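A short write-up of the structure that comes next.
The values are calculated or read from the model by the stated rules, or taken from the named source; none is laboratory data. Everything numeric in this text was worked out from a predicted model, so none of it was measured. As a convention, Cβ positions derive from the backbone with ideal geometry for all residues, glycine included, and neighbour counts pool all protein chains shown.
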Amino acid sequence: MDLRIVHDQLTGEQFIKLWSSVWDGAPTLKQAELAMENSLLRVTVLDGEKPVAMARMIGDLGLCCYIKDVIVSPEYQGRGLGRLLMKELIGFVKSHGVPGTAVSAELCAMPDKMPFYGQFGFAANEAQRMRLYITAEGSAG
């Protein structure tokens, strides 16, 4: 294995392929491309030139950021790549936030994944996740 980490190189096509390796209902290519373009950070683990794990961060880095789409290809799971992705994301906030201030980092996790995120200091709170899907009518599509 020739594993290496790259930042902000993940393409929409690569995102969809990794997404589809673990989840159903992948976004369209245009959605994925717009998401990549507007992410604060995209972290990808490559094996040679093949993307095998990814995570991204959205937000403002002043007050908050949100960790999204932490995915490790099934054949690469259990090798510490998820921990590697999380350390990259947390390090990014530490090095890009306002010195001496706290930035709220949030994520959404399924119950079976909560212990994984807990090892980095994430803890559940009383807030409930709420979601609204809005049908876009703009010019991006």
Worksheet item: Could you list, in sequence order, the residues of region 69-83 that are surrounded by fewer than 17 Cβ atoms within 10 Å (Cβ to Cβ) and either of a type in the set (Lys, Arg) or touching a residue at least 24 places away in the same chain (Cβ under 8 Å) (or both)?
Response: PRO74, ARG79, ARG83
Worksheet, complete the sentence: Exactly one of GLY62, GLY91 is free of Cβ contacts under 8 Å to residues at least 60 places away in the same chain, surrounded by fewer than 16 Cβ atoms within 10 Å (Cβ to Cβ) and assigned to a loop (DSSP other than H, G, I, E, B), and that residue is GLY62
Worksheet item: Which one of these is of a type outside the set (Asp, Glu) and closer than 27 Å to THR135 by Cα: GLY82, GLY97, GLY12?
Response: GLY12
Worksheet item: For region 16-47, what are the residues that are among the acidic types (Asp, Glu) and more than 15 Å from the chain's Cα centre (by Cα)?
Response: ASP24, ASP47
Practice prompt. Kindly indicate whether any position in region 59-76 is modelled with pLDDT of 95 or more and of a type in the set (Lys, Arg).
Written response: yes
Item to complete: Please work out which residue is surrounded by the fewest Cβ atoms within 10 Å (Cβ to Cβ), limiting yourself to region 29-59 and to residues that are over 25 Å from GLY97 (Cβ atoms) and among the acidic types (Asp, Glu).
Response: GLU49
